[in-house]
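Undergrad: Sharing a structure with you now.
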Amino acid sequence: MAEFDLIELIKRRCPKARADVRLGIGDDAAVVAVPAGHELVCCVDTLVAGVHFPLDTDAADLGWKSLAVNLSDLAAMGATPAWALLSLTLPTADADFVSRFVDGFAELAALHQLDLIGGDTTRGPLSITVAVHGFVPSGRALRRDAAGIGDGVFVSGILGDAAGGLRCLQAQLAKDSAMDAACATLMARLNRPSPRVAAGLALLDLAHACIDVSDGLLADLGHVARASGVGIEIEEDGLPGSTALFECFDVDTARALQLHGGDDYELAFTVAEAQIAAMQAAMSKAGCRVSRIGRVIAGAGVHVLDRNGDRKHIQGKGWEHFA
């Protein structure tokens, strides 16, 4: 297919639905309207074949995940999604791949009332760049730099499944029939993460600091600790994990995946003791599991405590592109 045929295919699969999109796909740029009393929250992520996803990943899963990782960033800011831009770099103009990719992308976009409003297509090694835009009431965005000493540290959902799914794939554990179902569960979490948008909205005015867990729990909480000028202690036995994770891996491996694995796209956040009950009620109303995993302390860095309350020496670190 020619480039503009691909663009027309994408446009047909992602029809404009929002009234605040004045001009969408098809012109030099999009025109949108930001509601009064709100600030615009913007983020962008790129997924590169062989780096962020295996080369044989299903195209529909790629479409879903390329949007999900960006929606997770909006969730961490407490923002409501609105619009997205998509840039596809493709080795060939493969209409079947693009159709399936857009199906996955559009499926998640519809769940969050988000419009694709433009982007670009170009030829080269497979990579996907998505930029998303959302709204947050003025002055109320969640940030990384507001954790307070004495805050409880919490995480949404469960940790380690996505990294476990990747490990299953790399080790071909799913070929062991006893592990088929467990590995399938973990790989589903890797390929189709659920961005915690409703949870992020529920945390507005309740959480002090918030971040999404993309590079690994310890690495991402390290960003919070540095930005806030505090230390964080994590209780290893408090980390929420799935049955599938512990069916596939021994305890030490599972814990390492929870601490360092990344790709969970859960929210890690801090809350003052006086606000914990209100936060738990709000998260329950949002339909999101939440677990207390630690506390904010004076000092620096993130420290992991064993069941006796002693600090453990932890090896390994989260994802870094240029390490």
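Undergrad: Output the number of the condition that VAL153 fails; it satisfies all remaining conditions of (1) of a type in the set (A, V, I, L, M); (2) buried (at least 18 other Cβ atoms within 10 Å of the Cβ); (3) out of contact with any helix residue (DSSP H, G or I) (no Cβ under 6 Å at 6 or more places or on another chain); (4) modelled with pLDDT under 95.
TA: Answer for VAL153: the failing condition is (4).
Undergrad: Taking the options ALA29, ALA68, ALA36, name whichever one is closer than 23 Å to GLY200 by Cα and in a loop (DSSP other than H, G, I, E, B).
TA: That would be ALA36, the only listed residue that is closer than 23 Å to GLY200 by Cα and in a loop (DSSP other than H, G, I, E, B).
Undergrad: Test ASP220 against the criterion of being part of a helix (DSSP H, G or I), among the charged types (D, E, K, R) and in the same structural domain as MET283 (by TED's automatic domain parsing), and give yes or no.
TA: yes
Undergrad: Still on this structure, please answer the following. From ASP263, ASP252, grab the single residue that is of a type in the set (Asp, Glu) and either outside any helix (DSSP H, G or I) or more than 29 Å from ASP180 (Cα to Cα) (or both).
TA: ASP263
Undergrad: Follow-up. How about region 71-97: which of its residues are assigned to a loop (DSSP other than H, G, I, E, B), among the aliphatic types (A, V, I, L, M) and over 22 Å from ARG13 (Cα atoms)?
TA: Of everything in region 71-97, just one residue is assigned to a loop (DSSP other than H, G, I, E, B), among the aliphatic types (A, V, I, L, M) and over 22 Å from ARG13 (Cα atoms), namely ALA79.
Undergrad: Out of curiosity, is GLY241 assigned to a loop (DSSP other than H, G, I, E, B), touching a residue at least 12 places away in the same chain (Cβ under 8 Å) and surrounded by fewer than 16 Cβ atoms within 10 Å (Cβ to Cβ)?
TA: no
The values are calculated or read from the model by the stated rules, or taken from the named source; none is laboratory data. Values in this document were obtained by computation on a predicted structure and should not be read as measured data. No Cβ is skipped: glycine too gets one built from the backbone with ideal geometry, and neighbour counts run over all protein chains shown.
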